[in-house]
1. Which one is nearest to the chain's Cα centre (by Cα), of the residues in the range 222-265 that are without any contact (Cβ under 8 Å) to a residue 24 or more places away in the chain and crowded, with 17+ Cβ neighbours inside 10 Å?
2. State whether the residues of the range 115-132 include one that is among the β-branched types (Val, Ile, Thr), in a loop (DSSP other than H, G, I, E, B) and within 22 Å of Pro254 (Cβ to Cβ).
3. Looking at the range 133-166 only, could you name the residues that are closer than 21 Å to Glu227 by Cβ, in a loop (DSSP other than H, G, I, E, B), over 14 Å from the mean Cα position of the chain (by Cα) and not hydrophobic (A, V, I, L, M, F, W, C)?
4. May I ask you to say which residue of Glu193, Glu174 is of a type in the set (Asp, Glu) and either under 18 Å from the mean Cα position of the chain (by Cα) or over 30 Å from Met132 (Cβ atoms) (or both)?
5. Evaluate the following for Thr191: is it buried (at least 16 other Cβ atoms within 10 Å of the Cβ) and either polar (S, T, N, Q) or part of a loop (DSSP other than H, G, I, E, B) (or both)?
6. Kindly list the number of the only condition in (1) modelled with pLDDT of 60 or more; (2) over 22 Å from Phe177 (Cα atoms); (3) part of a loop (DSSP other than H, G, I, E, B) that fails for Lys237.
7. Six or more apart or on different chains, Cβ under 6 Å: which pairs go from a residue in the range 135-160 that's under 15 Å from Glu178 (Cβ atoms) and without any contact (Cβ under 8 Å) to a residue 40 or more places away in the chain to one that's in a loop (DSSP other than H, G, I, E, B) and β-branched (Val, Ile, Thr)? Could you list them?
8. Might you let me know whether the range 49-72 holds any residue that is under 30 Å from Ser219 (Cα atoms), hydrophobic (A, V, I, L, M, F, W, C), at pLDDT 95 or above and surrounded by 11 or more Cβ atoms within 10 Å (Cβ to Cβ)?
Amino acid sequence: MDNKEKIESQILKLEEKYKDSGQDLSSYLDGLLYQRYLTYWDYIHLDTLLSLQVPRTYFPDEEIFIMYHQITELYFKLILHEQKQFVDHKAQDIDFYIEKARRINSYFEALISSFSIMIKGMEREQFLQYRMALLPASGFQSAQYRMIEVYATGLENLVHRDERDRFSSSNPIEELFENIYWKKGATDIKTGEKTLTLKQFEYRYTPRLIRIAKQVKNSTIYDKYLELPEEKKNNTKLIQALKTLDINANINWPLMHLGSAHRYLGKESGEVAATGGTNWKKYLPPSFQKVIFFPEIYSKEELNEWGKQWVDHMFNPEKLKMGNA
């Protein structure tokens, strides 16, 4: 096909595309003539993006704090982008599942490997001062991360460890959600009451999270795996990709936060309270929470040893190698 024939073919396809719009192709071509050229900065809204960092204090390192959390939320959005495709997929295509899990892991690994920005990239003295201007806001309030958990597995696997034996997938979504593990991490250490941080979060996001949980009930990533025929469930590459996802989300990522909390909030005479009063010492260690997205793919020994890496992290953080849980 020569260039003229190619152009004629493309015109026919365009006419077919626009015939139901109420306008003929000529009108759309006129619009194309008038349209200005696209630039990189307009396409990604660069000026807007760079204007979104608005510190509440004059400490220089607060801007680092803001930007890193914004970057984190963008990575969370990428993870959710892949998860939604995973749970919507109907064909039980193993290669598709593996590729989606690989992409999710690549985003988590980028976050995990970059977390030294939070651990070592800010002055502790500055952090301890500007953080007081952020109350009661907390990274605990990341709704996108809660969505990542809900898309990954059934709420019965996210119930707090101490209560998990009392619940199953047959319990109502609302009941499971009320007993979800992270709510225990946002209770006041002294009174046991819900912190303002948690109250704010529940008011804004509970309806949305419950709606998502109902939408993906029986079709989470874990459900997609469980539905596979045995020969597909035993696919080594798929199992490894899911294990890596589990370890990245529920061991390596919390361990990075634990290291950051000890760096900035730990002190010889006790611990500095987290913003919002969250109980980070009991909330962050993976072996305390024992959140596991895909429990069926592990041996009993693996389940028993889950999260033990946090002990090594506590006594020698340098021993913890990124991505090697």
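1. Ala261
2. Checked against the condition, which is being among the β-branched types (Val, Ile, Thr), in a loop (DSSP other than H, G, I, E, B) and within 22 Å of Pro254 (Cβ to Cβ), the range 115-132 yields no hits at all.
3. Gly154
4. Glu174
5. When the stated conditions are applied, Thr191 does not pass them.
6. Tallying (1) modelled with pLDDT of 60 or more; (2) over 22 Å from Phe177 (Cα atoms); (3) part of a loop (DSSP other than H, G, I, E, B), Lys237 fails exactly one: (3).
7. Here the result reads none, with nothing in the range 135-160 linked to a residue that is in a loop (DSSP other than H, G, I, E, B) and β-branched (Val, Ile, Thr).
8. Looking for residues that are under 30 Å from Ser219 (Cα atoms), hydrophobic (A, V, I, L, M, F, W, C), at pLDDT 95 or above and surrounded by 11 or more Cβ atoms within 10 Å (Cβ to Cβ), one finds at least one in the range 49-72, hence yes.
The values are calculated or read from the model by the stated rules, or taken from the named source; none is laboratory data. On a predicted model such as this, the values are computed, not experimentally measured, just so you know. For neighbour counting, all protein chains shown are included, and Cβ atoms are generated from backbone atoms with ideal geometry for every residue, glycine included.
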